[in-house]
Every structure is written in structure tokens, then in C-alpha cells.
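Here the structure is laid out as C-alpha cells; the discussion comes afterwards.
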Amino acid sequence: MCSNSLNSLTNEIPNSMLHALLSILEEDPQRVALIYDNRKFTYLELAYQALQLQKKLERLGVQKGDHVAVLSTPRPEGLISLLAVWLIDATWVGVNTRYKFSERQQLLNNCKAQTLLWVSNSDSDSTESEVSQHAAYGVKCVELKSDQIREKTAHDADLVSDVLVSWRSILSICSFNNAAVIIYTSGSTGVPKGALITHEGLTFRSLSMALDRFNGERINLILDLPINHIGALATGIGLVWATGGTLILSEKFDAAFTIQTIEENQVNVIIGVPAMLSRLVEHKNFQNADLSSLKYVCWGAGPLSERVLQKILDCTNALISQQYGMTESNGAIVYTPPTRNIATLLSTTGRPDPRLLVRIADEYDTEVPTGIEGEVQVKQPYPFAGYLNDSLATARVLTSDGYLKTGDLAKLTPEGDLIFCGRSKEMFKSGGFNVYPREIEITLEEFPPIRAAAVLPQHDEVWGQIGVAFIEPNQNLITKDIIDWCKKYLADFKIPKRFIVLDALPLTALGKVDRLKLANSLASRKNDYQNTR
């Protein structure tokens, strides 16, 4: 949606991103929507291909309310599938391309997806024979191929008319009461939970951020984050589609590609995680590159070092902003008003979004005074719809008065800025990915030579945090064998980068692993094994 139309959304949010895209199709269908591998797709082509895939999926038996799993990196096929599934009024379920077969099948079983769309890509071990194994579990595996995407001229008047008629017709009959997407997050039990993100929630978050944080400007953005992640969906795809901008797709982050793309495509916004920005500023071409088009540089998923921040300020004229949020909050709930004030950026996480209700609460869900540490809780107009088939987990994260319990600790300053104090949950972020220790511990403890395992985070300059695994063996153990075991069952970002073998894990008086004692020992220990990603 163009910036002129955005202002009308202050009091009225469209039912879905499909409604927001309709405005672009009506106003300027020839506008470039995607660029991938030097191929440009207009919004008209994007809509046309989505309608074609919608028909194909319906012929395969996909119906309203179904859950359709998609295995794709940021490629045109992946984004086209997102729209096609929505056009059926079905729910799109993103599958992490780094997942192993068992991890994927666990997800497919949980959401009862009968169809898996997949795209062969360079950032996945998935091959046709490997993916087809899901068919034994009753899943239709459909490969989406780039050569099936036919180029359509945006100047074909009949095509424009046909697309608009079809698009409007579908929107007039779809209720959009089904979840837009299901995003899987794990927890302290190691069991993935499917967070149900509504159409209104995703649309509201994308459009309001476009208005409040980026002044409704048309955004040209490099999308190199996993598209099954809320960051890519809300602060990437949704943000660009909300403003009628252009997404330049890259299957994975590459500093050289990012620098070249900024220069060639007038990229005006970069959104990433600290590890990406660190690699970007250290690249040999960064200091002398033409970065004049950059207006905003944003990051989330952890703190950014002063060294990296200073290089961004020195080499660009961009305003800088960090954000904090989670899957269940539909994305960012706190963000720094874009600024070049380094003290603000380093000492706070930003300010709560004025369109949301954010409070710092004690263990009884009662708001605490300014300056007192407590749990971050948020209430919003269009909250997530709970966890799929898990009412108990849903109840645990919602207060009696409708606030989402983030499990994260923070305090508010008298000026209204939020200072992040830590995660009350054990989850940590490595390279921008959520890592859940218990999930890794379960995998390690299923390895016969290991009696018990405990995984803790440790600060790392490149990844933000890395996992350190303390191992209690029950027989002779070769650490390389541990790595090989993990590679069979875990995505690479989950595999610990340090392994420390102990005769026995320390226990508390209650018989639980003494994580505090383990944490205190980290600084004095040398690596028993250094895993590289």
C-alpha cells in the first residue's frame, strides 16, 4: 500500500495483507515487488503467480482451513506460496530449511499438514529423495520450481483486469478467521509449540510499524532472514508490502551481496541481527561503499556492540533503531525511535509501541513502579490466537486480564525507555535464532554414551550467544561423535559450539542440575571441543 493510503489505516486496519496488496494492484500494478537473481517481479506478476498456484493447490485438494507447510528460503516461490495459501483461506506453516527430517516430521504431525511445498535451495540439505520420505506419513510433497514461474508483462491490460477481478472476488468471500501463519517455537520442555498468528495481527503490526517507525515511506529492503520467522514475516515481507516497496531476496546473508545490492537497488532500510551487522561492517568493501541511500539501519535479537554501532554511524547517514519482541507478540513491541544517539542505542531497548499496552509486572501480574525490574507483559488490539492444540500452554502465557507474559525481565526508566535485564526463560539467541536448551539436552541424552547433559548460553562477539554443553558420560566418549550425533537430529544453529565433559553434573539440594554453578565455571574453563558453524 502506498504512503498516501497508509494514513487512512490509523483507525482502520485491513482484514489481511491481501487487502493491503489490493490497493497496490489498483494503483500501480507495474511497481516492482521482488528482485531475485536479477529477475524483477512486478506486483501484478506476484499476484498472477499466486492465483495460478492457488488453483494448483485446490486441484491437489487443499481447502479452506487446511494447514499447508512450506520449506523455502527467501525466494519468489516461497513468497508466492504465502499469498496462494492465503487466497484459499488456509494457513501457511513455515518450516525451517535447516531442520532435519525428524524435526520436520514432528512439526508436520503437530499441525496435521497434509501438503508440504518445498523449494530446492542452497541453504538446505533437502533433496527430492529426502523430502519425499514425508510421503510415508501421508504428506503430499510438492516441489515448487522456479522455471514454472512464467514472466507476464505488467502492461497487459487484460491481465490486469483478470487479476483484479479474481483478487476482489476471493477477498469478498474469504472470512480470514483462520490463522494467517503458524510459527513454531520451542520451550523449556523442548517440545515445539505452534503459535497461531492472525491475519489482523500480522497486518496491524506491519502497517502500524510502517506508519510510526518509518513514516509511511516506501521501503526497499533486502530479505535474507528465514521466512518462517516472525522477523521476516512482519518486519520484512509485511513491512514492504504495506508500503508498496521492493524486496530484494537473498537465500542467506552475504555481506558482499548486501553492500552491492544497497548501491545498485537504492536500498533504504536494513533489518538484521547483531551477527549480520557485525559481518557487514567488517567487510573490506563496507567503508568505501556508496551507502547514501540508507535511511534506516535496524536490528533485534540481542545487543549490538559499540564497535559495530560506531562503524555504522561513521559510514552512513542512517537513523538507527533496535527492537525487542517475540513471535507471540506478532513482532516488535518495543523499539528505539530512529536516532543517531549512541548512548540511547546502547543503554536502552527503546520505548513501548504507543499502540500497545506494555507493563512491567511482578510474579502476581501486578504492575510495578518505574525503575523496578519485572516481567515484560503486553496487550494489543490483535493478539496471537494461542498455541495450536495446546490450551494449557496458551493459558500459561496469558494473564487473567489479557496480557501476554513474555517471560523476559526489564525495567522502565522515568523517560519511558525499556532496559532489558535478561530472560527469565532459559531460551537464548544465537545468530538471531531462538535456541532452547532443553530441546538440545534431550537430543544429547538420547545418545547412548551420554548419561546427562546441560546446555547454557555464553556471550560471543560474532553470534551474540553460543551454546555450551556440559556432558556427563556413562562410558568412554569421543567429542566428535557427539557432533556427528547432533548433526543428524538438530539444525546447525542449535548445535553447541563448546562441549565440556564432567565426571558428574553438579546438582542442587532438590536434585536439579545446578545451572548457576555451571555458569560460574564457564569463565575459568578451556574449550574441550570447539565446534564451528
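The values are calculated or read from the model by the stated rules, or taken from the named source; none is laboratory data. These numbers were taken from a predicted model, which means no experiment stands behind them. Only protein heavy atoms, including side chains, enter the accessible area calculation; ligands, DNA and RNA are left aside. Shrake-Rupley method; radii C 1.70, N 1.55, O 1.52, S 1.80 Å.
Here is how the numbers come out for the structure above:
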read-out: Whole-angstrom Cα spans of the stretch 354-430 along principal axes, big to small; value: 41, 30, 24
read-out: Alpha-carbon gyration tensor eigenvalues x 5, square-rooted, for the stretch 45-132, Å; value: 21, 16, 10
read-out: Which listed pairs, of 295/494; 56/145; 56/100; 405/488; 112/140; 40/284, have C-alpha distances above 22 Å, in listed order; value: 295/494; 56/100; 405/488; 40/284
read-out: Largest-first principal axis extents of the Cα set of the stretch 355-493 (Å); value: 55, 37, 23
read-out: Ellipsoid semi-axes in whole angstrom, largest first, where each is sqrt(5λ) of the Cα gyration tensor of the stretch 318-404; value: 27, 16, 10
read-out: Where the Cα pairs of the stretch 231-390 fall when distances are cut into 10 Å bins, in %; value: 9, 35, 33, 16, 6, 0
read-out: Alpha-carbon gyration tensor eigenvalues x 5, square-rooted, for the chain, Å; value: 36, 28, 24
read-out: If the convex hull is drawn through the Cα atoms of the stretch 427-526, its volume per residue in Å³; value: 103
read-out: Values of log10 I(q)/I(0), in the order q = 0.19, 0.24 Å⁻¹, for the stretch 217-260 under a Debye, Cα-only, solvent-free model; value: -0.54, -0.80
read-out: Accessible carbon and sulfur surface of the chain relative to its total accessible area, %, 1.4 Å; value: 48
